[in-house]
Amino acid sequence: MQTWWRDAVVYEVYVRSFADSDGDGVGDLDGVRARLPHLVDLGVDAIWLTPFYRSPMADHGYDVADHTDVDPLFGDLAAFDRLLADAHASGIRVIVDVVPNHTSVAHPWFVEALGDPASPLRDRFVFRDGQGPGGTEPPNNWSSVFGGRAWTRESPDGQWYLHLFDSSQPDLDWHHPAVPEEMHRVLRFWLDRGVDGFRIDVAHSLFKNPDLSDIPAGTTNSIDNPHVWDRDEVLALYEQWREVVDGYDGDRMMVGEVFLFDIERVARYVSDRRLHQAFNFLVMLAPWDAGALREVVESGLKHLVAPTWVLSNHDLPRHVTRFGGGDLGRRRGLAVTALLLALPGSTYLYQGEELGLEEADVPKHLRQDPIWVRTGGTLPGRDGCRTPIPWQAEAPGLGFTSGEPWLPFGADAADRAVDLQRQDPASVLNAYRRLLATRAAVLRENPGDDVTFLELGDQVVGVQRGPLVAVLNTADAAVELALAGELIAATADGAGVSGGVVTVPEASTVWLRTG
Ligand code: NOJ
């Protein structure tokens, strides 16, 4: 039997915005627990919880001050245990985020390292003298992913510290033995508590070139800095992590946020000795175009021994908006989702996509993302994909909170509330439910992992996986194709099979059972 994670539907819970149990306007662990029935009803296999650890929340939890405790904003360890137990009792696995590249400035190691230049803890981070007279220029020309330079000078002795993200997120020095040792402890802590796996934040960084040399001339973008991303040392580290994880029973797993656009580089992270999976972000970059979509599907299947499919997450604009917005964007988004769900591998869903939510236009004065702040308002930041989930159209706070939500709802929120969509057979929510249920039934028939591409025209992507055929039509008009089989799913009205011809309406996907 295949391990559970190879073909899982994993639902990302951005905890701050999912469900608030205590009225402070911020989602929390008891809120997630209370809404587990939604996830059971949807039919997901697992949830990935974004960081809920102790944190000043400068990057909304990706700035961790204590990796083995729950921030009071989200609950406490007992609340985590309750959630884990209830999720497991409901047949849902739980993956937690691990953030190894950096800590928070409030982490006790960094507090001491910054305050006392003579402290041995200083070597666990990347402190350096500046350049130029008085060291007033940063040690090198690296810039932060969030905008501005990657160095901040706050130490009493005038040294600078490295931060690839916000200045509140100092990078750890992974060449220092205390760092891997501590992170092994963190992994064990959560494995002992019973988690089913980890999502590894910025998994392709961690080790920086110790010589800290300048970015080569012509490399302008922080995400192209060869000194900080995708260095071979990190692969050896994951071989150690794999041993830790494999030491536990129950099919625990790791999925890496390997944010690289060369799928062959991403593939190096995934093997039976390294990570179990890495996110395939190429899917998120693909436009609404059959050729482009086929290419990412083909390359993902070809290169990743355990493929993954991701259309949205808490860092990029929601796919309904990327695909044109409104009903058209929703229709296209659903069609692409249905194609991905037919493929071997795991599909990662992001909360709210099952409601067809669009990217929200958060008013400028309410934006909170450090990207918005650090770029001086040049980049909008990620708040638009992080607005709260609307549960009940008529309830105060749309059933998300009894207080004031930390980010405003998107303009379409009330109309797209869960309770309304549940009653509407034509809703996006019910389309997701049907697709996931049909997918589960197909998987029970063991369709295997072999995929054949069907040549059905320039605007169509057709795949055959065992008895399952999935056909995505990106054209503006329906297509009629010579294919036989039983129609088992369709993302739009008007699909049908008759006399060996299948009709696939415009911007939609159909699934057929053949043979
Ligand atoms: C990736 C996370 O998904 C993102 O939200 C965060 O800001 C950065 N890593 C830094 O931790």
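A few remarks follow.
- Euclidean distance of C-alpha centroids, the range 346-404 and the range 154-222, integer Å: 27
- Each residue, Leu212 and Asp476, gets one label point 7 Å from its Cα in the Cβ direction; the gap between the two is 5.6 nm.
- Rounded tilt (10° steps) of 77-89 against the dominant C-alpha axis of the chain: 20
- In order through the range 293-298: 3J(HN,Hα) via Karplus (6.51 cos²θ - 1.76 cosθ + 1.60), integer Hz, x for Gly, Pro: 5, 4, 4, 5, 5, 4
- Simple point charges give the picture: +1 on the Cβ of Lys and Arg, -1 on the Cβ of Asp and Glu, and for the chain a dipole about the Cα centre of about 680 debye.
- Size descriptors for the range 448-513: radius of gyration and Dmax over Cα atoms are 10.7, 32 Å.
- The residues of the range 108-162 present an accessible area of 45 Å² per residue when probed at 1.4 Å with all protein chains retained.
- Spin-label model distance (nm) - Asp22 vs Glu112, 7 Å beyond Cα toward Cβ: 2.9
- Element breakdown for the range 369-408 at a 1.4 angstrom probe: carbon and sulfur atoms account for 56% of the accessible area.
- Projected label distance in nm at Asp251 and Arg82, using a 7 Å step from Cα toward the beta-carbon: 2.9
- Surface share of carbon and sulfur [accessible, 1.4 angstrom probe, percent] for the range 432-515: 47
- Computed packing ranks the peptides 74-81, 355-362 as 355-362, 74-81, most packed first, by mean other Cβ atoms within 10 Å.
- Ordering Gly115, Ala150, Gly135 by Cα displacement along the dipole of the range 108-162 toward the positive end leaves Ala150 in first place; charges were set at the Cβ atoms of Lys, Arg (+1) and Asp, Glu (-1).
- Measuring spread by the Cα atoms of the range 400-466 yields a radius of gyration and Dmax of 18.8, 54 Å.
- In percent, rounded to a whole number, the relative contact order of the range 308-403 is 28, using alpha-carbon pairs under 8 Å and six or more apart.
- For Trp174, the residues 5 or more places off, or on other chains, whose built amide H falls under 5 Å of its own are Lys208.
- Probe 1.4 Å, accessible area per residue of the range 1-99, Å²: 29
- Full-stretch length increase - Asp289, Asp262 - with 0.36 nm per residue and alpha-carbon distance subtracted: 7.7 nm
- Here the 3J(HN,Hα) profile of the range 108-123, calculated from phi with Karplus coefficients 6.51, -1.76 and 1.60 at θ = phi - 60°, is x, 4, 6, 4, 5, 4, 6, x, 10, x, 8, 5, x, 6, 4, 6 Hz, Gly and Pro shown as x.
- Charge dipole of the range 135-276 (Cα centre as origin; +1 on each Lys and Arg Cβ, -1 on each Asp and Glu Cβ, all else neutral): 140 debye, rounded to the nearest 20.
- Residues Val501 and Leu443, FRET efficiency given R0 of 22 Å [Cβ-Cβ distance, rounded to 0.05]: 0.20
- Less than 5 angstrom separates the built amide H of His276 from those of Met254, all sequence-distant by 5 or more or on a different chain.
- On Cα atoms only, tilt of 428-444 relative to the major axis of the chain in degrees: 80
- Distance histogram for the chain (every C-alpha pair counted, 10 angstrom bins, percent rounded to whole numbers): 4, 18, 29, 27, 15, 5, 1, 0, 0
- Judged by the gyration tensor of its Cα atoms, with axes a ≥ b ≥ c, the range 108-162 is oblate; a/c meets the 1.5 cut and b/c is at least as large as a/b.
- The range 102-142 - percent of accessible surface contributed by carbon and sulfur, probe 1.4 Å: 54
- Selection among Leu212, Gly448, His163 by position relative to the dipole of the chain gives Gly448 as farthest towards the positive end (Cβ unit charges, Cα centre).
- Charge-dipole axis of the chain as Lys and Arg at +1 and Asp and Glu at -1 on Cβ define it, positive-most pick from Ala342, Thr401, Pro72: Ala342
- Global form of the range 233-303, assessed from the alpha-carbon gyration tensor, a/c cut-off 1.5: prolate
- Solvent-accessible area per residue, Å², over the range 448-513 with all protein chains present [probe radius 1.4 Å]: 42
- Residues whose amide H comes within less than 5 Å of that of Ile47, counting only those at least five positions distant or on another chain, are Tyr11, Arg93, Val94, Ile95 (H built at 1.01 Å from N in the peptide plane).
- Relative contact order (%) - criterion: Cα under 8 Å, at least six apart; region: the chain: 13
- Backbone HN-Hα couplings from phi across the range 157-169 [Karplus 6.51/-1.76/1.60, Hz, Gly and Pro as x]: 8, x, 6, 10, 10, 8, 8, 5, 10, 6, 5, 7, 10
The values are calculated or read from the model by the stated rules, or taken from the named source; none is laboratory data. Since the structure is predicted, the reported quantities are computational estimates derived from the model, not experimental observations. Please note: Cβ atoms are built from the backbone with ideal geometry, for glycine as well, and neighbour counts cover all protein chains shown. Calculation scope for accessible area: heavy atoms of the full protein, side chains included, ligands and nucleic acids excluded. Shrake-Rupley method; radii C 1.70, N 1.55, O 1.52, S 1.80 Å.
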